[in-house]
Amino acid sequence: MLHAVLQVVMGWEGGHLHEFVIGDTRYGEPEPDFPDEFPCVDETKVTLAKALGARKSCKYIYDYGDDWEHRVTVEKVLLPDTDLPCPLCLDGRNACPPEDVGGVPGYYEFLEVLNDPTHDEHQQMLEWCGGGFDLTAFDLSDVNQRLSEIKL
C-alpha cells in the first residue's frame, strides 16, 4: 500500500518495478522467473511496522532504469482515525519528474530542452510531456483526490 501511496503523491503510474530496502533486506514483488537474480521478500506478506522494526526510515527505489531513490522516514505513528478513510497528503511542493524521463540526468536534460525554444528537440519534448511542464506545480487537492481512489 505504501508503494501505491508514493506513486500517487509522485504523480507516477506504477508501470515499473520497485523495492523497499530496510537494513539488508529488500521488499518488493518477487520475480518468479528470476528468483536468484532479484531476491526479495514479498511486500504483500509483511506490514511496514514489522519490516521497519525499530528503524524509522527505509529506502524506496522505483524504476530500475531511471533509478529513482527516495528516503522514506516515519516521523510519527498515530492511532487509526475512522473518520479518515484514506491516506491524506498534508503538504507538498513542485512537480514530480515525468515518468520515463531518464532518471536524474534525463530530468536535467529534459528541463534544459524545455527551457530552450531554439533546441532541436524542444517541440518533440513539449509533445512528449503533453504540451508543457511547470516544475513548480503542485496541486494538493488533486493529490488528495487521487489518494481517495486507492483501494485499501
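Look at segment 29-55: where a residue is over 15 Å from residue 3 (Cβ atoms) and a partner is of a type in the set (Lys, Arg) and surrounded by 14 or more Cβ atoms within 10 Å (Cβ to Cβ), sitting 6+ places away or on another chain with Cβ atoms under 8 Å, you get 39/26.
Do we find a residue being within 20 Å of residue 150 (Cα to Cα) and among the small types (Gly, Ala, Ser) anywhere in segment 50-66? Before you say what the answer is, go through the steps one by one.
Within segment 50-66, the subset within 20 Å of residue 150 (Cα to Cα) is 60, 62.
Restricting the remaining residues to those that are among the small types (Gly, Ala, Ser) gives none.
No, segment 50-66 contains no residue that is within 20 Å of residue 150 (Cα to Cα) and among the small types (Gly, Ala, Ser).
Among the residues of segment 89-103, those identified as among the charged types (D, E, K, R) and either surrounded by 16 or more Cβ atoms within 10 Å (Cβ to Cβ) or farther than 21 Å from residue 122 by Cβ (or both) are 91, 93, 99. Against the test of being closer than 24 Å to residue 66 by Cβ, touching a strand residue (DSSP E or B) at 6+ places or on another chain (Cβ under 7 Å) and of a type in the set (Asp, Glu), the options 13, 29, 37, 43 yield a single qualifying residue, 43.
Just the residues that are touching a residue at least 12 places away in the same chain (Cβ under 8 Å) and of a type in the set (Asp, Glu), please, taken from segment 16-28.
We begin by selecting, within segment 16-28, every residue touching a residue at least 12 places away in the same chain (Cβ under 8 Å); these are 16-23, 25-28.
Residue satisfying the conditions is 19 alone.
When residue 13 is tested against the conditions (1) in a loop (DSSP other than H, G, I, E, B); (2) touching a residue at least 60 places away in the same chain (Cβ under 8 Å); (3) in contact with a His (Cβ under 8 Å, 6 or more places away or on another chain), the lone failure is (3).
Annotation: of all residues in segment 127-141 being free of Cβ contacts under 8 Å to residues at least 40 places away in the same chain and of a type in the set (Phe, Trp, Tyr), the one that is surrounded by the fewest Cβ atoms within 10 Å (Cβ to Cβ) is 128. A residue that is touching a helix residue (DSSP H, G or I) at 6+ places or on another chain (Cβ under 7 Å) and surrounded by 13 or more Cβ atoms within 10 Å (Cβ to Cβ) occurs somewhere in segment 44-55. Screening the candidates 120, 66, 134 for the property of being within 23 Å of residue 27 (Cα to Cα), of a type in the set (D, E, K, R) and out of contact with any strand residue (DSSP E or B) (no Cβ under 9 Å at 6 or more places or on another chain) yields one hit, 66.
Let's see how each residue does on (1) surrounded by 12 or more Cβ atoms within 10 Å (Cβ to Cβ); (2) without any contact (Cβ under 8 Å) to a residue 40 or more places away in the chain:
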{"position": "72", "(1), (2)": "yes, no"}
{"position": "75", "(1), (2)": "no, yes"}
{"position": "82", "(1), (2)": "no, yes"}
{"position": "87", "(1), (2)": "yes, no"}
{"position": "105", "(1), (2)": "no, yes"}
{"position": "114", "(1), (2)": "yes, yes"}
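Against the criterion of being under 15 Å from residue 10 (Cα atoms) and either free of Cβ contacts under 8 Å to residues at least 40 places away in the same chain or not aromatic (Phe, Trp, Tyr) (or both), residue 109 does not qualify.
Read-outs throughout are calculated quantities, based only on the coordinates presented, and are distinct from any laboratory measurement. Computed from a predicted model, the values in this text were never measured in an experiment. A quick note on method: Cβ atoms are made from the backbone with ideal geometry, for glycine too, and the neighbour counts reach across all protein chains shown.
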